[in-house]
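Asker: Could you have a look at this structure, given as structure tokens, before my questions?
The values are calculated or read from the model by the stated rules, or taken from the named source; none is laboratory data. These figures come from a predicted structure and were not determined experimentally. Heads up, the Cβs are rebuilt from the backbone with ideal geometry, glycines too, and the neighbour counts pull from every protein chain shown.
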Amino acid sequence: MTDSIKAVFLDHHSLDLGDLNFAPLNATFSNLQLHPHTAPEQVIERLQGAQVVISNKVPLGANHFTACPDLKLVLISATGTNTVDLAAARAHGVTVCNCQAYGTPSVAQHTLMLLLALATNLPAYQNDVNAGRWQQASQFCLLDHPIMELHGKVLGLLGHGELGGAVAKLAEAFGMRVVLGQVPGRPARTDRVPLDELLPQVDALTLHCPLTEHTRNMIDASQLSQMKASALIVNTARGGLINEQALADALRSGHLGGAATDVLTQEPPREGNPLLAGDIPRLIVTPHNAWGSREARQRIVEQLSENARAYFSGAPIRVVS
């Protein structure tokens, strides 16, 4: 235990639904304060006297580091670092560590779930059953919506890190042929297919790359027009990778077999979003919960503890700044 160290978790309800074991963190810190949520105007007050701050989505900037001089360590309870001003943290001598690869099984599973739901037209059939159409059918089954077998189909992957690799293995287990695409902004590789060559040949496309200046809107109206009218798209990475209005238009016009996304450009989408309109066919939207299995969230707790112990032992790990 790091005696006399005060740690403050600013938004632990973003991680814990009352189903996690916090013993690793309680064993790490003698003084651990948990706040379900923290408004921007509450951050500085809550961090007074704290050496460690744990945060998922609460922004931390130069003003916080200036007003809270005791801070030594920021533990991000996620992989993304966009909520922390890393340059300001460095300038104030604050180390920032994140969590990594905790959600690979959960997100890979969610990606295949969405792909399978699109391929089998699951939402449409579920709606038919709920509306009583099966009960009124003239034969034993309903086959009103196309069903695609994944076996023998081509899956294009944009992003082949740990997560993309896990999705590739699952897709291959269903008999798909996986083709790796060249992510914009990355050095060209002979084992990666340029986007304009990849899109026309795929039956399905899944996205697993970060949002950068090079990848923002990398799938827009022009790219969508290159795809087969029967093709499927699944995005469990970042909302800004796909131009949302262009995707909505392509689905409405019938120039796409279906799409599913777990992410939007603004989350939560309090001001609406083109993909939340009620008239878009063959679209599945899930609320950024692909990462959220209990097992994945428990791994975050364990990594937060590991990161803190490593830092205070003088050998920090998972350092991003």
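Asker: Which of the residues that make up segment 86-115 are within 22 Å of the chain's Cα centre (by Cα), in a helix (DSSP H, G or I) and touching a residue at least 40 places away in the same chain (Cβ under 8 Å)?
Answerer: Step one: filter segment 86-115 for residues within 22 Å of the chain's Cα centre (by Cα), giving 86, 96-115.
Subset that is in a helix (DSSP H, G or I): 86, 104-115.
Correct list: 86, 104, 105, 106, 107, 108, 109, 110, 111, 112, 114, 115.
Asker: Then there is this: Among 201, 245, 226, which is the only one that is farther than 16 Å from residue 168 by Cα, touching a residue at least 12 places away in the same chain (Cβ under 8 Å) and in contact with an Asp or Glu (Cβ under 8 Å, 6 or more places away or on another chain)?
Answerer: Details: 201 fails: in contact with an Asp or Glu (Cβ under 8 Å, 6 or more places away or on another chain); 245 fails: in contact with an Asp or Glu (Cβ under 8 Å, 6 or more places away or on another chain).
Testing whether each residue is farther than 16 Å from residue 168 by Cα, touching a residue at least 12 places away in the same chain (Cβ under 8 Å) and in contact with an Asp or Glu (Cβ under 8 Å, 6 or more places away or on another chain) leaves just 226.
Asker: Within segment 62-72, which residues are loosely packed, with under 15 Cβ neighbours inside 10 Å and more than 29 Å from the chain's Cα centre (by Cα)?
Answerer: Quick first cut of segment 62-72, residues loosely packed, with under 15 Cβ neighbours inside 10 Å only: 62-63, 66-67, 69-70.
Within segment 62-72, 66, 67, 69, 70 meet the criteria.
Asker: Related question: Limited to segment 178-237, what total is found for residues that are among the β-branched types (Val, Ile, Thr), within 24 Å of residue 288 (Cα to Cα) and buried (at least 20 other Cβ atoms within 10 Å of the Cβ)? Step through it out loud before you land on a result.
Answerer: We begin by selecting, within segment 178-237, every residue among the β-branched types (Val, Ile, Thr); these are 178-179, 183, 190, 193, 202, 206, 212, 215, 219, 233-234, 236.
Restricting the remaining residues to those that are within 24 Å of residue 288 (Cα to Cα) gives 183, 206, 212, 215, 219, 233-234, 236.
Among the residues that remain, those that are also buried (at least 20 other Cβ atoms within 10 Å of the Cβ) are: 183, 206, 215, 219, 233-234, 236.
The number of residues fulfilling the criteria is 7.
Asker: Let me ask something else about it. Exactly one of these conditions fails for residue 101: (1) in contact with a strand residue (DSSP E or B) (Cβ under 7 Å, 6 or more places away or on another chain); (2) at pLDDT below 95. Give me its number.
Answerer: Answer for residue 101: the failing condition is (1).
Asker: Applying the selection to segment 254-296, what residues are in contact (Cβ under 8 Å) with a residue 24 or more places away in the chain, farther than 28 Å from residue 99 by Cα and of a type in the set (Gly, Ala, Ser)?
Answerer: Within segment 254-296, 254, 257, 258, 259, 277 meet the criteria.
Asker: I would also like to ask the following. Condition test on residue 167, is it among the β-branched types (Val, Ile, Thr) and part of a helix (DSSP H, G or I)? Talk me through it step by step, then tell me what you get.
Answerer: Working: among the β-branched types (Val, Ile, Thr): yes; part of a helix (DSSP H, G or I): yes.
Judged against the criteria, residue 167 is a match.
Asker: Among the residues of segment 117-150, what is the count of those that are of a type in the set (Ser, Thr, Tyr) and within 14 Å of residue 258 (Cα to Cα)? Quick ask: steps written out before the conclusion?
Answerer: So in segment 117-150, the residues of a type in the set (Ser, Thr, Tyr) come out as 120, 125, 138.
From what is left, the residues that are within 14 Å of residue 258 (Cα to Cα) are 120.
Of the residues in segment 117-150, 1 are of a type in the set (Ser, Thr, Tyr) and within 14 Å of residue 258 (Cα to Cα).
Asker: Of the residues 59, 36, which single one is surrounded by fewer than 20 Cβ atoms within 10 Å (Cβ to Cβ) and within 20 Å of residue 95 (Cβ to Cβ)?
Answerer: 59
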